[in-house]
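I have placed the structure first, in the form of C-alpha cells, so that the comments after it can refer back to it.
Read the figures in this text as sums done on the coordinates, not as results from a lab. Here the structure is a predicted model, which is why all the values come from computation and not from measurement.
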Amino acid sequence: MMIVIALAVFVIFIYTAGFAVKLWKEKNKPGSIAIFLLAIGIVVTPFFSVL
C-alpha cells in the first residue's frame with residue numbers, strides 16, 4: 001500500500017511541477033514560484049504524518 005501512496009504523491013508532484021514550468025515559460029514567474037513551492041509541500045507533507 002505504501003508503494004501506491006508514494007506513486008500517487010510522485011504523480012501529483014510531477015503534474016504540479018509541470019504546471020509550474022508552464023507558468024514560467026508564460027513569463028508568470030511569481031505564480032510559477034508559488035506553484036513550485038506548493039509542489040514541494042505536496043512531497044514533504046506525507047513525511048509529517050508518519051512522524
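Descriptive notes on the structure:
- For the chain, averaging the sequence separation of C-alpha pairs within contact (under 8 Å, six or more residues apart) and dividing by the residue count gives a relative contact order of 37 percent.
- Tail fraction, Cα-Cα pairs, segment 2-50, threshold 17 Å, whole percent: 36
- Extension gain from residue 34 to residue 21, taking 0.36 nm per residue of separation minus the Cα-Cα distance: 3.5 nm
- Between the Cα long axis of helix 29-50 and the first principal axis of the chain there is an angle of about 10°, rounded to the nearest 10.
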